[in-house]
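For reference, the structure is listed below as structure tokens.
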Amino acid sequence: MTFQDLNLNTPLLNALADLGLTEPTPIQQKAFSVIMSGRDVVGIAQTGTGKTYAYLLPLLRQYTFSKQKEPRILILVPTRELVVQMVEEVKKLCPYLSIRVEGVYGGTNINTQKLVVAEGLDLLVATPGRLLDLALTGWLNLKFIKHLVIDEMDEMLSLGFRAQLVRLFELLPKKRQNLLFSATMSEDVDELIQEYFQGPMLVEAVRAGTPLERIEQSWYPAPNFYTKINLLEHLLAQDESMQKVLIFGPSKRTAELIYQQLEARFPDQFDLVHGNKSQNFRLNAVAAFEKGLCRGLICTDLLARGLDVTDVTHVINVDTPADPETYIHRIGRTGRADKDGVAVLFTTEAELPAKEAIEALMGKSIPEMEFPEEVEFSPKLLESERFYVPEVKLKERPRPTSGFHEKLAKNKKVNKGNKAKYLRDMKYKKPKSKGKKR
Ligand code: AMP
């Protein structure tokens, strides 16, 4: 199937041709006609499956030119970085369309954004908080929104945006199309869908937990965090194919530690993004990485989720995430659209159960690599590693065949119920007791 087979128009086909895209991905094929039909859709799709164009293409296909100032398409995303990226993605599809696209997000001057939205626009990309501020102060009228997209819904909820979303639903017109995209169908997501949306059609790209097939996975056993950094340094020095590497650390502090050591060994080749960095710094670091100006980016899960960096050659998991789906999200950054990728995992003994949980979720085991002899073991431990005591399996002790005390005769009785009462109730149709009703 090619894009020509979808009911697209010339401006979109030309834009896709300019981008060098010819074949729709499975989620793009599945979602197109459903979204065109006007139905609500819940898309379960990870980044890297082409989910963004899966909703942008049908939305832009239905777009008609208007001089109206109020936006008609609203796309909500959880972070500022994603707003910037999403605006770029939309613009890539729109060189031959006359459409006004803007993005608003918190943490920057609201007055500038007030003026931007006051000028008029067709498609707005926003984070929920800033959008509410603009709507509640009267600068933005949401009454003409016909299509609402909530992207990275699971992330949005885990960041605590539930209340803002619910408030936003109240401000939006009742008659609208809802398109929700989430990498996983968590309980939170499901609950919100049940509560606020009616009969959405489920479109699934890759079932959560299915490994992206083109990713070559492997794992290294390592005794502790500092030895893992030595191993990381060794792999980066040995393997020249590691050209665009995304490195995940378990926390801001450990991400900093990884950065410091790599910076000392490979000056100016690596960058760091986490929540404590200023927004501009983060945007610049991601842009530099995307352009290939630095070899690797060290990040924490929160910041990396949904980041669209293309052609990532390797994802290195310095920690083994306790939540197996986090691992699936992480490795989804490599092996994008039509490229192969490599994912490497470092696991300590304490993390072995987490690795097993990942393997159970994927339904396959990750091949083990031998710990390279040249890599030095570090005796230094993180605070969190100091208290780990390896589980020693106690020998099975023979169990006593009977309890220490014989049960008293009255406790041996089995409750057979009150047969006479039951028959009487049946005969006279007495109201059932609460317990029975249950
Ligand atoms: P997404 O899953 O939306 O984050 O998209 C991941 C990447 O896949 C983006 O860089 C897109 O440019 C790219 N992409 C989207 N659709 C296609 C397609 N049909 N063929 C090849 N690449 C695509």
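Each value in this text was obtained by applying a stated rule to the coordinates, not by laboratory testing. None of the values given here were measured: they were computed from a predicted structure. Virtual Cβ from ideal backbone geometry, glycine too; neighbours counted across all protein chains shown.
Details
- Contour minus Cα-Cα distance for LYS339 and ASP323 (0.36 nm per residue): 3.2 nm
- Sorted peptide list for 321-334, 157-170, criterion being average Cβ within 10 angstrom, highest first: 321-334, 157-170
- Gained length - ASP18 relative to GLU368, 0.36 nm times residue gap less alpha-carbon distance: 121.8 nm
- Length-normalised contact order of segment 3-204 in % [C-alpha pairs under 8 Å, at least 6 apart]: 29 percent
- Segment 215-373: C-alpha gyration tensor shape, a/c 1.5 cut-off, then a/b vs b/c: rounded
- Extension reserve of the GLN198-LYS91 stretch, reckoned as 0.36 nm per residue once the Cα distance is removed: 35.4 nm
- Distance in nm between pseudo-label sites at LEU382 and ARG265 (7 Å out along the Cβ direction from Cα): 1.7 nm
- Over 32 Å apart at the Cα level, from the set LYS146/LYS252; LYS146/LYS339; LYS244/LYS380; LYS92/LYS143; LYS114/LYS339, are LYS146/LYS252; LYS146/LYS339; LYS114/LYS339.
- Calculated FRET value between GLN243 and LYS114, using beta carbons and R₀ = 30 Å, to 0.05: 0.10
- Its Kirkwood hydrodynamic radius, worked out from the mean inverse distance over all distinct Cα pairs, puts segment 215-277 at 12.7 Å.
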